[in-house]
Amino acid sequence: MADCIKCQEKAVFRTPEGPLCRTHFSEWYEKGVAAAVEKYRMIAPGDRVCVGFSGGKDSTVLLAVLAKLDLDAELIAVTVDEGIGGYRDDTIAAAKITAEKLDVELQITSFKDIVGKTLDELLVSSPDAACSVCGTLRRRALNAAARNLDADKIATGHCLDDEAQSVVMNYLRGDITRITSSFNSNSAEFFIPRIKPLCRSTERATVAYGLANHLLTPLPECPYTRYALRKDVRTFLGKCEHSEPGTLLRIVEGQEELTAALPKPEGTPVQMHPCENCGEPTANRLCAACQQLERLLH
């Protein structure tokens, strides 16, 4: 790789502006995250932000960058222990080390705490349901932790790749509600707002930032990844981005333009109410988590 275009030091990453050294690349990446936070008004002065912190690459970079930016906000990291043998212990250990280095408070909660079983125990007979079950229970765990912490926002480490993958997956599943953002409800009264400060940062740049700033340690991959539709979509979009740079951004911005062009949903909002089983908000008799647990345990 060529030298940095700003100082002639050895470049570590080629940005759209050109190759940059570690210092100038880090500044470029942080500036991009700050711009996304400002554009989408993610964090206001005085906010108490619960950061979903798995200890993996994306959430580690998220926490490190938010801690570095001048946000005038309080950060509290929350790690959810799903209970995945041979995987989660290592990432929790990494999360503890990183939080201590960044001087950020770390709270740990678990699936065992909220439903009485680990993910491994829940999936004994249905391992192919792993990502759906895990995602639903993680959302419940983070929302509960954020409420207990009196947080104003929940920040997650979803990057541009994740956002583009979600758009494509919604089309593949024919999920018209999510494609058109047409779900009209009073959910804002029950759920703490979620923000994605890395939403315009590619996974490649995020990993490079983590490596350049010595934030990352080698960690095992989740053993349930092989069951995920997202894995196939990630591979496909990665090839598209490699051959046609900018594909990921065009997918996400195209979805934003589509949503903005569609009429706003009318009529009486779907009313959320407490789940009959756990008390979490839902539009149905049982929330999504309890519906999944009922199928898995009965």
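The values are calculated or read from the model by the stated rules, or taken from the named source; none is laboratory data. Being a predicted model, the structure only gives us computed values, none of them experimental. Positions of Cβ are generated from backbone atoms using ideal geometry, with glycine treated the same way; all protein chains shown enter the neighbour counts. Ligands, DNA and RNA are excluded from the accessible area calculation, which covers all protein heavy atoms including side chains. Shrake-Rupley method; radii C 1.70, N 1.55, O 1.52, S 1.80 Å.
The table that follows gives values for the structure above.
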| item | result |
| --- | --- |
| Output for segment 229-250, where each listed residue is in contact (Cβ under 8 Å) with a residue 24 or more places away in the chain and farther than 15 Å from Glu203 by Cα | Leu229 |
| Condition check for Glu100: at pLDDT 90 or above and either hydroxyl-bearing (Ser, Thr, Tyr) or more than 20 Å from the chain's Cα centre (by Cα) (or both) | yes |
| Those residues of segment 34-75 which are of a type in the set (A, V, I, L, M), in contact with a helix residue (DSSP H, G or I) (Cβ under 9 Å, 6 or more places away or on another chain) and in a loop (DSSP other than H, G, I, E, B), in sequence order | Met42, Ile43, Leu69, Leu71, Ala73 |
| Condition broken by Thr79, with the remaining ones in (1) of a type outside the set (Phe, Trp, Tyr); (2) modelled with pLDDT of 95 or more; (3) over 19 Å from Pro220 (Cα atoms) satisfied | (3) |
| Segment 76-87, residues that are of a type in the set (Asp, Glu) and either in a loop (DSSP other than H, G, I, E, B) or without any contact (Cβ under 8 Å) to a residue 24 or more places away in the chain (or both) | Glu82 |
| Residues of segment 272-293 that turn out to be open to solvent by 60 Å² or more (accessible area, probe 1.4 Å), in a helix (DSSP H, G or I) and in contact with a Leu (Cβ under 7 Å, 6 or more places away or on another chain), as a count | 0 |
| Count of residues meeting criterion [open to solvent by less than 80 Å² (accessible area, probe 1.4 Å) and more than 21 Å from Ile179 (Cα to Cα)] in segment 229-239 | 2 |
| Odd one out for Thr23 among (1) under 30 Å from Ala130 (Cβ atoms); (2) not basic (Lys, Arg); (3) not in a strand (DSSP E or B) | (1) |
| Matching helices (runs of 4 or more DSSP H) fully within segment 129-213 where at least 1 residues are within 27 Å of Leu296 (Cα to Cα) and open to solvent by 40 Å² or more (accessible area, probe 1.4 Å) | 130-148, 160-173, 176-180 |
| Filter result (open to solvent by 40 Å² or more (accessible area, probe 1.4 Å) and not in a helix (DSSP H, G or I)) within segment 88-115 | Asp103, Glu105, Leu106, Gln107, Ile108 |
